[in-house]
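Questions regarding the structure given below will be posed in turn.
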Amino acid sequence: MYFHPMRMLKYNLEKSLFGVCTELAERIGLSTRSVRLWFIYASFFTLGSPVIIYLVSAFWFNMKRYSSERRTRVWDL
């Protein structure tokens, strides 16, 4: 099976990025593509301020994911 190089690049980028747009799209109930486009257009119109929101939410989602994975209960020991 042969994969197109651009598709592999897109898959690897989406897999390795923070997943903020996917998380927000699931919570809001929109498509991931529309949330990503909103971030791109808003970044152009406001000279990059949504990038700060993106990075803060990436940090928040990552910390939330980390704290839920590392949580142990007394009876699990």
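The values are calculated or read from the model by the stated rules, or taken from the named source; none is laboratory data. Every value quoted in this text rests on a predicted model; they were computed, and no experiment measured them. Backbone-built Cβ (ideal geometry, glycine too); neighbour counts: all protein chains shown.
Take the residues in the range 15-36 that are aliphatic (A, V, I, L, M) and modelled with pLDDT of 90 or more; name whichever of them is nearest to K64 (Cα to Cα).
I28
Within the range 20-45, can you find the residues that are acidic (D, E) and touching a residue at least 24 places away in the same chain (Cβ under 8 Å)?
Within the range 20-45, just E23 meets the criteria.
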